[in-house]
Amino acid sequence: MSAAEAVTEALRELHARFAPLGEGSVAEYIPQLARSDPGAFGLALVSMDGHRYGAGDTTVPFTLQSVSKPFVYALALSLLGLDEVGRWVNAEPSGEAYNAISLEPDTGRPDNAMVNAGAIITTALIPDTSGAPRFERVLDCLSRFAGRELDVDEQVYASEAATGDRNRALAYLIRSTGPLPVDPVAAVDTYFRQCAVRATATDLAAMAATLAHGGVNPLTGEAVVPGPVAAQTLAVMATCGMYDGSGDWLLRVGLPAKSGVSGGLIAVSPARFGLAAYSPRLDPTGTSVRGRAAVGALSEELGLHLMHNPALAGSTVTLIATPDELPTAGAGVPRERVAVVAAQGALDFTAAERVLYALDEARPGGTEPVVLDLTEVTGVDRVAFTMLSGGLGRIAASGARTAVVDRADRLALPGPGEPGGPAVPRGFATRARALAWCTGDGPG
Ligand code: GLU
C-alpha cells in the first residue's frame, strides 16, 4: 500500500460507514432525475497540489443542478464585479426553499445567487455575444473549474425544460418587478442547460478545490477566476449554499458548501482541499443524505470547521538575541553590540506582527543595532512586506544600524554600499556580513 493510500482509506471508511443510510428519496420533479440510481454513492477529494482521492462511485456522471450556481456566480463576479452583480442579486440567506419566490419586496431583487431566482438572473447577466454565446461561456467556465471539457446531458435538459414551469414563472415574476436583463424564457432555458451540465464526483471535487485554491485549478494550474472572486463566492456558499438549512450547516459543519437536487454536494476547506459527494437520495431540504453525513463527519474528524482555531500558524521567530546575550567579538575590544532576530516559514500579517514584536524585545534599550535574519523564511506576502518595511524603516530612522539577511532580497533593500542614506535598512546575503556591518566593521 502506498503512503498516500491512507487518504483513500479514510474516504473508503466514510463511504462504508454511510453507505447503509437508506433514508431520503431521489428527486422526481425533473422526470429524468427520477431514473438516477438511488444506491449510487461516491466521495472524492482534490488537494491543493492537485492530488486526487476517491471512494465508491467517483466516475459516474450526473448533472450539476444547483452545484453549478456558485461557479456561474463566480463567472459573473469576475466579468462584472461585485458591485454590478450586487445591483441585481443580493447576498442574504433567504431561509426559504431553493425554488421559493425569495425576492426583496420593493426592488424584486432575489435574496442570493444560490436560490433559483438569483441563479436565473446570475446566468442572464453573463454577456451574450455572437463570438461568445452566453451558454458557451458558462460551459467553458464550468469546464475550466473541473479541469476538463464537460458536456450537457441533453435528456435531463429536455426533461427539465419540459416541466420547469415553476422556474419560468419565477423568471416572469422577477421581470414584472424589474431586475431581469433578458427575456424570461431565454434566461430560464440557459439556466436549465447549465443545471444539466454533466460531471463526476471527481470533477466536482476539482471544481471545489479550485475555489479552495484561490481560483487557480490545482490540476491544470489555470487561474479560472481571480482570488478575491473565489473568496466572495465561498462567502455566499457559506451563508446561502445549503438551501434553507444553511445556518445549521455552517453551525455544525462549518464549511462553504453547495448541494444540488441530483445528489451532488461540494464542500470547500479553504487552502486545504475540495470535497465532493454524490448520492441521489435527498433529505427534505434537497440535500444528499449520505453526502451530508459524510461531509459532516469528515469536517468534525479532521477539525475543518472554519471557526475552529482559524489557521493558527506555526512558530515564526526562531531566535531573539539581545546584545547582552551575544558574545562580544575581538580580544577584549568591546564593539558595539548587535541584537539578532531570526524568523522562519511564510510571513503574513500574523507572522510579521510576531517578528516586529521580537525586534522590540531584542532591543531593550531601543537604540541597539539589529540584524533580522530571513534565511529560513519561505515567503513574504504583501501585508508582511509593508509591515516589515515599515518597522525596520522606523528602527533605521531612529539612527540604529539595521540589517536584513536574505539572499532573495524579498524586502527589496539596498546593499551596504548602495545609495539610500543612513536611515535605510540594508540587505545582506549572510548573517556574518550583516553583523560585521552593524558593528561598524563591514563596508557601508
Ligand atoms: N435545476 C433545478 C431547479 O431549478 C436545480 C435545483 C437544485 O439543484 O437545487 O429546480
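The values are calculated or read from the model by the stated rules, or taken from the named source; none is laboratory data. This structure is a prediction, so every number in the text was calculated from the model and none was measured. Every residue, glycine among them, receives a Cβ derived from its backbone with ideal geometry; neighbour counts consider all protein chains shown. Please note that ligands, DNA and RNA were not included when accessible areas were found on the heavy atoms of the full protein model with its side chains. Shrake-Rupley method; radii C 1.70, N 1.55, O 1.52, S 1.80 Å.
Structure summary
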quantity: Tilt relative to the chain, helix 184-195 - C-alpha long axis, 0 to 90 degrees, to 10; calculated: 70 degrees
quantity: Where the Cα pairs of segment 362-444 fall when distances are cut into 5 Å bins, in %; calculated: 3, 16, 28, 28, 18, 7, 1
quantity: Three-way shape label, segment 1-133, alpha-carbon gyration tensor, a/c 1.5; calculated: prolate
quantity: Residues of the chain: accessible area per residue with a 1.4 Å probe, Å²; calculated: 42 Å²
quantity: Distance (nanometres) between label positions extended 7 Å along Cα→Cβ at E136 and T163; calculated: 3.2 nm
quantity: Long-range amide H partners of A339 with built H, under 5 Å; calculated: V370, V371
quantity: Calculated from backbone phi, Karplus (6.51, -1.76, 1.60) coupling profile of segment 245-262 in Hz, x at Gly/Pro; calculated: x, 5, x, 5, 5, 5, 5, 8, 9, x, 10, x, 8, 8, 10, x, 6, 7
quantity: Percentage relative contact order, the chain, counting C-alpha pairs under 8 Å, at least six apart; calculated: 15 percent
quantity: Cut-off 14 Å between beta-carbons: net charge of the residues surrounding L45, Lys and Arg +1, Asp and Glu -1; calculated: -3
quantity: Degrees, to the nearest 10: 5-18 long Cα axis against longest axis of the chain; calculated: 40 degrees
quantity: Charge context of A16, other residues only, Cβ under 15 angstrom, K/R +1, D/E -1; calculated: -1
quantity: Relative packing of 20-28, 350-358, 203-211, 270-278, which averages over residues the other C-beta atoms within 10 Å, highest first; calculated: 203-211, 270-278, 350-358, 20-28
quantity: Net charge contributed by nearby residues that have their C-beta within less than 10 Å of T233 (K/R +1, D/E -1); calculated: +2
quantity: Percent carbon-and-sulfur accessible area, segment 12-73, ignoring ligands, DNA and RNA, probe 1.4 Å; calculated: 50 percent
quantity: CD proxy at 222 nm, helix term only [per DSSP H run n ≥ 4: -39500 (n - 2.57); per residue of the chain; nearest 500]; calculated: -12000 deg cm²/dmol
quantity: Separation in nanometres of the label points that stand 7 Å from Cα toward Cβ, at E92 and L173; calculated: 1.7 nm
quantity: Top positive-direction residue, dipole computed over segment 185-312 with Cβ charges, set H213, G286, F273; calculated: G286
quantity: Protein accessible area in segment 96-214, 1.4 Å probe - carbon and sulfur %; calculated: 50 percent
quantity: Cα pair distances in segment 136-265, grouped into 5 Å bins until the bin that holds the longest one, percent each; calculated: 2, 10, 15, 17, 21, 18, 12, 4, 0
quantity: Between segment 381-433 and segment 250-316, the alpha-carbon center distance in angstrom; calculated: 44 Å
quantity: In Hz, Karplus ³J(HN,Hα) per residue of segment 270-278 (6.51, -1.76, 1.60; θ = phi - 60°; x = Gly, Pro); calculated: x, 6, 10, 6, x, 10, 9, 10, 9
quantity: Per-residue HN-Hα couplings for segment 410-423 [Karplus 6.51, -1.76, 1.60; θ = phi - 60°; Hz; x = Gly/Pro]; calculated: 6, 8, 6, 9, x, x, x, x, 7, x, x, x, x, 8
quantity: Cα centroid separation, segment 20-74 to segment 107-147 (Å); calculated: 21 Å
quantity: Where W88, W437 fall by accessible area, highest first, once all protein chains stay in place (1.4 Å); calculated: W88, W437
quantity: Accessible carbon and sulfur surface of segment 331-444 relative to its total accessible area, %, 1.4 Å; calculated: 55 percent
quantity: Segment 24-136 - percent relative contact order, Cα under 8 Å, separation 6 or more; calculated: 17 percent
quantity: 0 to 90° range, to nearest 10: angle between helix 201-212 axis and the chain longest Cα axis; calculated: 40 degrees
quantity: q = 0.13, 0.16, 0.20 Å⁻¹: log10 I(q)/I(0) that the Debye formula gives for segment 98-180, counting C-alpha atoms only; calculated: -0.50, -0.74, -1.05
quantity: Sequence-distant residues sharing a close amide H with V26 (under 5 Å, placed H); calculated: L282
quantity: Global geometry of the chain, whether rounded, prolate or oblate, following the gyration tensor of its Cα atoms and the 1.5 cut on a/c; calculated: prolate
